[in-house]
1. Under a straight-distance cross-link criterion of Cα-Cα below 18 Å, which lysines are reachable from LYS146, leaving out those fewer than 8 residues away in the same chain?
2. Relative to the present Cα-Cα distance, how much length would full extension add between ALA230 and ARG271 at 0.36 nm per residue of separation?
3. Which of rounded, prolate or oblate describes the range 133-270 when judged by the alpha-carbon gyration tensor and an a/c cut-off of 1.5?
4. Report the local net charge at ALA179: Lys and Arg +1, Asp and Glu -1, summed over other residues whose C-beta lies under 12 Å from its C-beta.
5. Answer rounded, prolate or oblate for the range 90-186, using the Cα gyration tensor with square roots of eigenvalues a ≥ b ≥ c: rounded when a/c is under 1.5, else prolate when a/b is larger than b/c, else oblate.
6. Using a Förster distance of 30 Å, how high is the FRET efficiency between ASN59 and LYS146, based on the Cβ-Cβ distance and rounded to 0.05?
7. Which listed residue (ALA264, THR127, PRO175) has the Cα farthest towards the positive end of the charge dipole for the range 41-277, taking +1 on Lys and Arg C-beta and -1 on Asp and Glu C-beta about the Cα centre?
8. What nm value, rounded to one decimal, do you get for the distance between ARG259 and SER278 when each label is placed 7 Å out toward the C-beta?
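A short reminder: the numbers here are calculations on the coordinates, not readings from a lab. Here the structure is a predicted model, which means the values were calculated and not measured. So basically every Cβ, Gly included, is an ideal-geometry build from the backbone, and we count neighbours across all protein chains shown.
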Amino acid sequence: MREVRRSGHKTAIQGLAITVAAVALTAVSAVTAAAVTAPASAPASLIFAVTHVPTSATNAVGTGSGQVVDRPRAAPGTLLTADGKPEMLYIGAEYCPYCGAERWSMIVALSRFGRFSGLSTIRSSATDAYPYTPTWTFYGSSFTSKYVTFVPVEMYTNVADPSTGGYTTLQKLTPAQNALFAKWDAPPYVTSMMYDESYPFIDFGNKYITAGASYNPGVLSGLSWTQIAADLSKPHTKVAEAVDGTANYLTAALCKLTRNQPAAACTATIRSLEPSLSSRHLCRWAGQDQPRAG
C-alpha cells in the first residue's frame with residue numbers, strides 16, 4: 001500500500017485516518033469477494049440439467065466446431081485402478097478459472113457413467129484471469145459408478161491468503177497422487193517446463209491425460225449457472241460447443257478404459273473420437289494455473 005501525499009505534509013492523525021480507511025476498504029472488498037465466491041448448494045433442477053444433457057445434443061455437438069482446443073492424449077502407463085475399476089484422477093483448485101471451465105465438461109461426461117451427489121456451485125478467484133467464472137467444486141461431493149472410480153482433489157480454495165500471496169489449502173495429494181502428478185504433468189507429456197505440475201490435470205487410468213483447460217473459460221463469462229446449463233442442451237451455442245465438445249472427448253477417453261461400456265455413453269459419435277486420442281503430444285495453450293500454496 002502506498003500513501004499519497006497531497007500537500008507535501010500530513011499530520012500523524014491524518015495519516016492514521018487514511019490508513020485505517022484503506023484497511024477498512026480492503027477488508028470490505030475481501031469480505032464481498034469471499035461472499036460472492038463462496039460455495040453454495042445447487043438447486044436440484046440445475047444439477048439435473050447439467051447431469052442429464054440429452055445425447056441428441058452432445059452427438060450434434062460432436063468435436064465442438066473449433067471451440068475445443070485440447071483433448072486427452074495417450075500415456076504409456078500401467079492401468080490405474082481403484083475399487084476394481086479404472087480410476088479417473090482430477091487435480092485442481094477452486095480459485096482456478098481453467099479448472100472451473102473443465103469441471104462443467106467433467107460433470108457432463110462422468111454423468112454418463114454414474115451419479116454425482118453433493119455438488120456445490122462456486123466461482124473462481126476474483127483476482128485471477130477470467131474472474132468470478134461460474135463453476136462447481138468437487139470438494140464434499142461423491143460419485144457412484146459401476147464403470148469408473150472418480151477421485152477429485154481440490155488442492156486450494158478460492159480464498160486468498162494474504163500471508164503467502166496464494167490461497168488457503170483445502171486438500172492435499174497423497175504420495176501416490178503426487179508421484180503421478182509429477183510424472184505425467186511434465187515434459188515430454190507437456191511441452192514446456194513452465195507448466196510442470198499445473199492444473200487442471202486429469203489422469204484417465206494412466207492411459208490418457210489432460211493438463212490445462214480444453215476450451216477458453218471466457219465462453220462462460222457473464223453467464224449464470226442456469227444460463228450455462230440451459231445452453232448445454234442447445235448444440236449450436238458456443239457454450240454447448242465448448243463444454244459438450246470437451247465432454248465428448250473426455251467421454252471417449254473413459255470409454256476406452258471401460259471397453260465402450262455402457263453403450264448409452266459410448267455412442268457411435270463418441271467411438272468415432274477415440275482414434276484421435278492416440279497421440280502422446282499435448283497441445284498446450286495458456287489455459288492452466290500453477291499451484292499457489294496458502
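1. LYS85, LYS256
2. Working: separation 41, 0.36 × 41 = 14.76 nm, distance 2.58 nm.
Gain on stretching ALA230 to ARG271: 12.2 nm.
3. Numbers: a/c = 1.65, a/b = 1.17, b/c = 1.41.
Note, shape of the range 133-270 comes out oblate.
4. Numbers: positive: LYS183; negative: ASP185, GLU197, ASP203.
Spelling it out: positives minus negatives among the neighbours equals -2.
5. On the way: a/c = 1.96, a/b = 1.31, b/c = 1.50.
Oblate, because a/c is 1.5 or more while a/b does not exceed b/c.
6. Values: r = 23 Å, r/R0 = 0.78.
Computed FRET efficiency for ASN59 and LYS146 comes out at 0.80.
7. Positive-end residue among those listed: ALA264.
8. Going from the ARG259 label point to the SER278 one covers 2.2 nm.
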